[in-house]
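The values are calculated or read from the model by the stated rules, or taken from the named source; none is laboratory data. Please read all numbers here as calculations on a predicted model, not as lab measurements. Cβ coordinates were reconstructed from backbone atoms using ideal geometry, including for glycine residues, and neighbour counts include every protein chain displayed. Surface accessibility is based on the protein's heavy atoms, side chains included, excluding ligands, DNA and RNA. Shrake-Rupley method; radii C 1.70, N 1.55, O 1.52, S 1.80 Å.
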Amino acid sequence: MDTAALARSFAQDLIAHRNKLAGKAEDAVRAEYALHRVAAALDDQHDAYHQESTTVLEHWHGRGADGFRHASGKLTTELRVTGAAGAAAEKVVAHVASTVDSGHTAVQRLVDEYTAKATQVLDAGTAAGTQAALMRAVGHVADLVPHYTRQSASTLRHVHAELEASAKKLDALRKDLTHDHAGDKATHPGSSRGTEIVHAARKELGTRENPPGSNRNPYGPTAAWCSSFATAMWRKAGVRIPVLPFSGDVFHWGQRNGHAYGKHALHEARPGDVLIFGTGPQNTATSTHIGIVEKVDGNRVTMIEGNSGDAVRRNTHTLSASTFYGGVHP
């Protein structure tokens, strides 16, 4: 008697859960790879077009140069924004792929554990050599199945919830991209847009990641989310900026759009701006945190910051180049 096959015949739901997760894991990895290629291709196009258009403008001083400069700048920005959205979508899908893969591994472990126990019970019943012993063994195996199936169903529900949450994030990215406009002009410091940003940020005070320590947040990907929070508040006030989970990318966005200022111009900070902690925008080791300016009082700045102790909090700092490497107007 093939006792392993008999054991598996009692656990069709458990095995079906594993197979569903295996299929979803494969789909997620394919989607992540496709998005990676798209984002990389758009970055390459952006860099190549920007370089070529700059070369053209260096040698063109005719009547149509200004019009070409405007159209070129708009297309360059659109390529950059689309590439950034593709990269953000890749991160969302990468999280999904990791979650599904972990779920599949967990359920496969349940299948293996159940099969080993059930086979052992059936082998013992068979070895006893009586019909009664075998029937008792089969009953024991049937009683084992619900325990493992409940665990696999719970894992499947968790993965489905993560998939639904990620689908909403991807839809938000699509909407942001659809409504994005190139060439927004910087709002005058102290304008109504800055007031709107501060108002939106104040409403979020006390919001926490859930569960604590998980980096799961309502503003962007499951990752360090201070920058996702800041850009989310900007978008609520109408700033055409994509989801940028890394604070250095916010500074680069400001540079490309003429909104950024460095550590020697921190006196330009106004409500609604962001100030960025660290020494520069190169990487996460040099660009460490970001917050929204609520008010400036002399050399003190009060800020509303996401991911401050796993929550949205109000903090006050010295407005110093030793703390901030720069800021960006919305």
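So, in the stretch 95-137, exactly how many residues are open to solvent by 40 Å² or more (accessible area, probe 1.4 Å), more than 30 Å from SER228 (Cα to Cα), in a helix (DSSP H, G or I) and of a type outside the set (A, V, I, L, M, F, W, C)?
Narrowing the stretch 95-137 to residues open to solvent by 40 Å² or more (accessible area, probe 1.4 Å): 95, 98, 101-102, 104-105, 108-109, 112-113, 116-117, 120, 123-124, 126-132, 135-136.
Restricting the remaining residues to those that are more than 30 Å from SER228 (Cα to Cα) gives 105, 108-109, 112-113, 116-117, 120, 123-124, 126-132, 135-136.
Of the ones still in play, those that are also in a helix (DSSP H, G or I) are 105, 108-109, 112-113, 116-117, 120, 123-124, 126-128, 131-132, 135-136.
Keeping just the survivors that are of a type outside the set (A, V, I, L, M, F, W, C) gives 105, 108-109, 112-113, 117, 120, 123, 126, 131, 136.
Counting residues in the stretch 95-137 that are open to solvent by 40 Å² or more (accessible area, probe 1.4 Å), more than 30 Å from SER228 (Cα to Cα), in a helix (DSSP H, G or I) and of a type outside the set (A, V, I, L, M, F, W, C) gives 11.
Here is a list: VAL92, VAL141. Which entry is surrounded by 15 or more Cβ atoms within 10 Å (Cβ to Cβ), modelled with pLDDT of 65 or more and under 30 Å from MET1 (Cβ atoms)?
Numbers: VAL92 fails: under 30 Å from MET1 (Cβ atoms).
One residue alone meets the criteria, VAL141.
Of the listed requirements (1) at positive phi; (2) free of Cβ contacts under 8 Å to residues at least 60 places away in the same chain, GLY258 misses just one: (2). Number of residues in the stretch 199-234 that are more than 22 Å from VAL93 (Cα to Cα), open to solvent by 10 Å² or more (accessible area, probe 1.4 Å), touching an Asp or Glu at 6+ places or on another chain (Cβ under 9 Å) and assigned to a helix (DSSP H, G or I): the value is 1.
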